[in-house]
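Trainee: Take this structure, written in structure tokens, and hold onto it; I'll ask about it next.
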Amino acid sequence: RHAKERGLVVGVCSNVYPRYVDQNLPLLGLHRDLDFAATSYEAGALKPSRDVFDAAARKASHVNRLLHGRTQPDVAPGQVLHVGDDLEKDYLAARAVGMHALLFDPDGKAADAAAERGVPASDVIR
């Protein structure tokens, strides 16, 4: 919600079918705060494939133009912050395509593996 209040484009990028997004995000109350969903099904690949992250950037670009004007440039990977709970499929994959990333690790179970892979402690959130 805070990102939306600041005019940022907010989306979800997930290894699910679009129907899952349509049915479950409203149940969680998240649909009001999201501008788009990029799914692995639509991208034809699963995370950590670059295709899923590229699809998210394309959708973010489209929404950005709708919200802020048709002359807005494409959203570049370096302008995207991806937050995910899987070290390989989310954090490392997003970083590999040039996005900023945070690893959501509420239980602290991924901290050691993240450190071993060179993930700064400041990029791991609980």
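The values are calculated or read from the model by the stated rules, or taken from the named source; none is laboratory data. The shown structure was predicted, so the numbers you read here are calculated from the model rather than taken from an experiment. Here the Cβ positions follow ideal geometry from the backbone for every residue, glycine too, while neighbour counts run over all protein chains shown. We work out accessible area using only protein heavy atoms, side chains counted, and drop any ligands, DNA or RNA first. Shrake-Rupley method; radii C 1.70, N 1.55, O 1.52, S 1.80 Å.
Trainee: List pairs: first in region 61-84 and closer than 12 Å to Val97 by Cβ, second exposed (fewer than 12 other Cβ atoms within 10 Å of the Cβ), Cβ under 7 Å, 6+ apart or cross-chain?
Mentor: As it stands, the answer is none, since no pair meets every condition given.
Trainee: Could you check region 56-90 and list, in sequence order, the residues that are in contact with a helix residue (DSSP H, G or I) (Cβ under 7 Å, 6 or more places away or on another chain) and of a type outside the set (D, E, K, R)?
Mentor: Across region 56-90, the qualifying residues are Ala57, Gln72, Val75, Pro77, Val80, His82, Gly84, Leu87.
Trainee: Any idea which of (1) open to solvent by 100 Å² or more (accessible area, probe 1.4 Å); (2) over 27 Å from Ser122 (Cβ atoms) is the one Arg6 doesn't satisfy?
Mentor: All conditions pass for Arg6, except number (2).
Trainee: What helices (runs of 4 or more DSSP H) completely inside region 1-52 contain at least 1 residues that are of a type in the set (Gly, Ala, Ser), at pLDDT below 90 and within 18 Å of Leu102 (Cα to Cα)?
Mentor: Those helices (runs of 4 or more DSSP H) span 2-5.
Trainee: Now for a separate question. For the structure I just gave you, tell me whether Ser122 is of a type outside the set (A, V, I, L, M, F, W, C), open to solvent by less than 50 Å² (accessible area, probe 1.4 Å) and not in a loop (DSSP other than H, G, I, E, B).
Mentor: When the stated conditions are applied, Ser122 does not pass them.
Trainee: For region 53-70, which residues satisfy the criterion of being open to solvent by 30 Å² or more (accessible area, probe 1.4 Å), out of contact with any strand residue (DSSP E or B) (no Cβ under 7 Å at 6 or more places or on another chain) and in a helix (DSSP H, G or I)?
Mentor: Correct list: Asp54, Arg58, His62, Arg65, Leu66, Leu67, His68.
Trainee: Does region 80-93 include one or more residues that are of a type in the set (Gly, Ala, Ser) and surrounded by 14 or more Cβ atoms within 10 Å (Cβ to Cβ)? Working first, answer last.
Mentor: Of all residues in region 80-93, those of a type in the set (Gly, Ala, Ser) come to 84, 93.
Filter again for surrounded by 14 or more Cβ atoms within 10 Å (Cβ to Cβ), leaving 84, 93.
There is at least one residue in region 80-93 that is of a type in the set (Gly, Ala, Ser) and surrounded by 14 or more Cβ atoms within 10 Å (Cβ to Cβ).
Trainee: Just checking, how many residues over region 22-48 are open to solvent by less than 40 Å² (accessible area, probe 1.4 Å) and either touching a residue at least 24 places away in the same chain (Cβ under 8 Å) or touching a Ser or Thr at 6+ places or on another chain (Cβ under 6 Å) (or both)?
Mentor: 6
Trainee: Anything in region 56-67 that is modelled with pLDDT of 95 or more and in contact with a Gly (Cβ under 9 Å, 6 or more places away or on another chain)? List them, or say none.
Mentor: Correct list: Ala56, Lys59, Ala60, Val63.
Trainee: Gly108 passes all but one of (1) open to solvent by less than 70 Å² (accessible area, probe 1.4 Å); (2) closer than 21 Å to Val9 by Cα; (3) not in a helix (DSSP H, G or I); which number fails?
Mentor: Here Gly108 meets the rest and fails (2).
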